[in-house]
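Here the structure comes first, spelled out in structure tokens, and everything after it is commentary.
The values are calculated or read from the model by the stated rules, or taken from the named source; none is laboratory data. Model, not experiment: these values are computed from the prediction. For neighbour counting, all protein chains shown are included, and Cβ atoms are generated from backbone atoms with ideal geometry for every residue, glycine included.
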């Protein structure tokens, strides 16, 4: 089949889909249409646009999934893109292994967050950035002072986010940013600090169960927090914010380690942790991960991130528990779990299409990527724009490197509203301002004006579609939205494109614009303005805010 | 799909919950609705101190200072620096503004507020405070949300309307407050700046399918329409309102101050929003709570200064505008911190802590006893709870919003202790401590097991007696009964408990007394 006709065939005269739910992790074998393909791309990547959607439909589920999990080298590190007063880092060089000093962290933070945002936007068909964000929301650190430590932390998550959960948890436990954030750095035999031990249990691994008795949270007890804190004593961070040390690091100081025996509660089978010095934290993690509840806890969290917030008894039994078994059977390897979930009958239940309110970063990147907006490639402009996007996401209540607290963003855990917590009378206008800026006005950085040119999108659509306003709107809907739209809404959109005019007027005007013999700058502007109104409307409708 | 269905279907996330064995929807249409005084024009301000405020360095118990010093010598505020309130209480030196409010009979401190079986997780604990659930209950609605559900059972359908043109509740900030989560919808409209609002594009009403997808679209469409509808009244109120206090300028501006200033202006502009919620974060002071060379300074001092300075300016503004009698404010925090400091110039998650209530229509002064700080305390020991926070919520609902006591009980799902927090608005001086009408002694202490509680009552009383451990968990309930006037001896045994420290909490109808007891 000619790939350009795939969408055409699929979009024709659909207005609603049957709601179906399959509560099984058995491999999906149903039809592979743009609906399923776009569901996968929206949930697992930041890269949806008309081209990637067509490719995914053409390539099929298995091939697309291979792309998502393909091996991939780490990106080049962030650079000093403009700051001329760093004695150790020239403009154009990376600062990640260079000592800092007074007034040097500011530009590095700017560089890091812009670099990071750009990675998300340009990730392509791959799962890595979605998983890096997942782990950032899971193993939270926030507002770490030294940008080099932020870099080490996020690189750890990026490098191991699709690897092994046990290895990842071990690495995070002695990561310098985490040691500083949850006071592991201060945790010593004379003054144990329980902060990390508590969150390791409550948020990072096993989760807090119901209160079963005094200080007993079913999965662990207050005494376990105390005992594990002692087992984790002795870790230090060297070189944070240092103007003498190029590469900050964590290390183990035996003099600060509690060498005594640590007795765990019956929740951990009264295990005793004996002194094993710098390897003791690994034993702590091995003991916690000895419990099946950990696998379920992590699988629930993955489920809420990729599928839906509501976990019924049926879903717990038919989806979460089998996934947890796969997780344990594969000794905490993440790929088998994610592959099973993302290829399952359940994941492709049409009931879930478009049921997660996009997070602010997704909202911004979706807008940039579906419109194939182009940002000048030079360092300063690229960094400046992505820094700008980072700040816009922050204002919409999602700051990368700055989740609100150690539990991560509220939308991923706070019942009953979950993803709806993104939306408020403050954040909704900011989301619309962003798309309005790009559609009707401009966003400026480094003296470059960025805006959406809708003609760039529409001109790439085959003319047998784009000349018919009904088909054109259908086509845009398949890329902009998760489900087909009712006729009445499509008519309303057409009314915005060609107010009060019959369909053929669009065919004539757009046809004249395409025809080299009849086109003109004035006509091009007129057609573009019509399309701007349409794009603006489509990006401020409720359908645009879900994925 | 009708809005009504939307409301009901959004319950899918939780099992339909029941009040007194009746479905909530049945209750709210029937008997409860008329119990409210819809003419009530009182306003409540809630300020969340996010992170868990260290009450022991905020309201310092002077009569316990020597022992307290031993447990937190690396962070305790020097006695000479404290702002003396009375013989036994000193405020943190950076709380000059609130000290002035106290002297002006506009501040009430309720000592040792917490809940049974204190949970030391931030997230679980703030959920408990927001939902007003017991420590072992999971409730998806907020206490203010349930109160507002009673008056506005169909919200957000057809809101705003002629009778209720204004937002029912507001959060000054970017997120709605879980306190205001009702059964179907959150009542709090979040705004940052009422002067910076513009209409959102709204392309009219569509019928969304009754599916998970349709429900999300309906929710978003509602949010768009409501944001637009409320924006007009907010802009009008903000333009009509004013701020008169010069104190907003003195000491510079802070975020909390700016937010309270916005609230004062909206109230001044005639907005009839019942509840305003805002927050100040950073109280999770595991490290660097104080500066190593000056314990009266550091993160905690800065936070308390911001709080105190902002509340004083706000109250002054209301006073200058003659609005004091409409507004009462209250602070809350998920927990207090431990008695012993840690090695990082900080404190770890603890139990009870004081709450502040401010306004002119309150019983100014200190309600409750100072916490008892023993010479030896366990590492994890927090301040024992005297008052359940639900008692403060309940008393405010009753006296400030004029809600029937029985209804308050159904909103809070529990018994609560009535506390005289709200009073007539004519108070001009700090109330003397009133005669509580009982005396009570506990012996022996330490004990090997048997405990005698001698109680002398001037009037019949109801008494609930419980034993708690140092984490705040209730170990046993001794008694929950009415007693007549006269002398009573209640005897009980602790011989089944391991040796250590416990708290015996005696809860009367309107007050509490907690004994720290050592089992040896």
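At-a-glance table
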| read-out | value |
| --- | --- |
| Within the range A:344-368, tally of residues that are under 29 Å from residue A:310 (Cα atoms) and assigned to a helix (DSSP H, G or I) | 11 |
| Residues satisfying the stated conditions in the range B:413-446, i.e. modelled with pLDDT of 85 or more and more than 17 Å from residue B:512 (Cβ to Cβ) | B:422, B:423, B:443, B:444, B:445, B:446 |
| Count of residues meeting criterion [outside any loop (DSSP other than H, G, I, E, B), more than 7 Å from every other protein chain (Cβ to nearest Cβ) and crowded, with 20+ Cβ neighbours inside 10 Å] in the range A:406-437 | 6 |
| Selection from the range A:207-237 of residues that are more than 8 Å from chain B (Cβ to nearest Cβ), part of a loop (DSSP other than H, G, I, E, B) and either out of contact with any strand residue (DSSP E or B) (no Cβ under 8 Å at 6 or more places or on another chain) or under 20 Å from residue B:135 (Cβ atoms) (or both) | A:207, A:209, A:212, A:217, A:218, A:219, A:220, A:232, A:233 |
| Sole exception among (1) over 30 Å from residue A:183 (Cα atoms); (2) in a helix (DSSP H, G or I); (3) in contact with a helix residue (DSSP H, G or I) (Cβ under 8 Å, 6 or more places away or on another chain) for residue B:273, by number | (2) |
| Top-ranked residue in the range A:131-182 [being assigned by TED's automatic domain parsing to the domain that holds residue A:327 and outside any helix (DSSP H, G or I); ranked as nearest to residue A:339 (Cα to Cα)] | A:162 |
| Residue, nearest to the chain's Cα centre (by Cα), within the range A:198-229, restricted to residues that are surrounded by fewer than 22 Cβ atoms within 10 Å (Cβ to Cβ) and without any contact (Cβ under 8 Å) to a residue 24 or more places away in the chain | A:208 |
| The range B:269-287 - residue that is surrounded by fewer than 21 Cβ atoms within 10 Å (Cβ to Cβ) and farther than 22 Å from residue B:177 by Cβ and, of those, modelled with the highest pLDDT | B:270 |
| Strands (runs of 3 or more DSSP E) fully within the range B:478-520 counting 3 or more residues that are over 18 Å from residue B:116 (Cβ atoms) | B:486-493 |
| Matching option when the condition is assigned to a strand (DSSP E or B), within 14 Å of chain A (Cβ to nearest Cβ) and within 30 Å of residue B:165 (Cβ to Cβ), among B:278, B:235 | B:278 |
| Members of the range A:266-308 that are assigned to a loop (DSSP other than H, G, I, E, B) and within 14 Å of another protein chain (Cβ to nearest Cβ) | A:307, A:308 |
| Count - residues of the range A:287-308 that are loosely packed, with under 15 Cβ neighbours inside 10 Å and touching a residue at least 60 places away in the same chain (Cβ under 8 Å) | 0 |
| Cβ pairs under 6 Å, 6+ apart, first in the range A:528-547 and farther than 20 Å from residue A:41 by Cβ, second surrounded by fewer than 19 Cβ atoms within 10 Å (Cβ to Cβ) and modelled with pLDDT of 95 or more | A:528/A:455 |
| From the options B:258, B:218, residue that is surrounded by 22 or more Cβ atoms within 10 Å (Cβ to Cβ) and assigned by TED's automatic domain parsing to the domain that holds residue B:306 | B:218 |
| Some residue of the range A:172-182 being at pLDDT 95 or above, under 17 Å from residue A:294 (Cα atoms) and more than 9 Å from chain B (Cβ to nearest Cβ) | yes |
| In the range A:464-491, the residues that are within 14 Å of chain B (Cβ to nearest Cβ) and crowded, with 17+ Cβ neighbours inside 10 Å | A:473, A:477, A:480, A:481, A:482, A:483, A:484, A:485, A:489, A:490 |
| Tally, over the range B:359-387, of residues that are surrounded by fewer than 24 Cβ atoms within 10 Å (Cβ to Cβ) and assigned to a strand (DSSP E or B) | 2 |
| Flag for residue A:185 being under 19 Å from residue A:404 (Cα atoms) and assigned to a helix (DSSP H, G or I) | no |
| Residue, farthest from residue A:488 (Cα to Cα), within the range B:177-206, restricted to residues that are at the interface with chain A (Cβ under 8 Å from one of its Cβ atoms) and in a loop (DSSP other than H, G, I, E, B) | B:192 |
| Residue within the range A:394-405 that is touching a helix residue (DSSP H, G or I) at 6+ places or on another chain (Cβ under 7 Å), surrounded by fewer than 22 Cβ atoms within 10 Å (Cβ to Cβ) and part of a helix (DSSP H, G or I) present | yes |
| Residues of the range A:309-331 classified as part of a loop (DSSP other than H, G, I, E, B) and crowded, with 20+ Cβ neighbours inside 10 Å, total | 1 |
| Only one of B:408, B:357, B:383, B:403 that is over 19 Å from residue B:275 (Cβ atoms) and in contact with a helix residue (DSSP H, G or I) (Cβ under 9 Å, 6 or more places away or on another chain) | B:383 |
| Meets criteria (more than 9 Å from chain A (Cβ to nearest Cβ), in a helix (DSSP H, G or I) and buried (at least 23 other Cβ atoms within 10 Å of the Cβ)) for residue B:224 | no |
| The range A:187-206: number of residues that are within 17 Å of residue A:297 (Cβ to Cβ) and at the interface with chain B (Cβ under 7 Å from one of its Cβ atoms) | 1 |
| Criterion violated by residue A:354 - all others in (1) at pLDDT 95 or above; (2) more than 8 Å from chain B (Cβ to nearest Cβ) satisfied | (2) |
| Test: residue in the range A:515-525 that is within 14 Å of chain B (Cβ to nearest Cβ) and surrounded by fewer than 19 Cβ atoms within 10 Å (Cβ to Cβ) | no |
| Residue count for the range B:308-340, restricted to those that are over 19 Å from residue B:112 (Cβ atoms) and in contact (Cβ under 8 Å) with a residue 24 or more places away in the chain | 21 |
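Per-residue answers, yes or no, for (1) over 30 Å from residue B:420 (Cα atoms); (2) modelled with pLDDT of 95 or more; (3) over 22 Å from the mean Cα position of the chain (by Cα); (4) not in a helix (DSSP H, G or I):
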site: B:289; (1), (2), (3), (4): yes, yes, yes, yes
site: B:296; (1), (2), (3), (4): yes, yes, yes, yes
site: B:302; (1), (2), (3), (4): yes, yes, no, no
site: B:307; (1), (2), (3), (4): no, yes, no, no
site: B:312; (1), (2), (3), (4): no, yes, no, no
site: B:315; (1), (2), (3), (4): no, yes, no, no
site: B:322; (1), (2), (3), (4): no, no, yes, yes
site: B:325; (1), (2), (3), (4): no, no, no, no
site: B:330; (1), (2), (3), (4): no, yes, no, yes
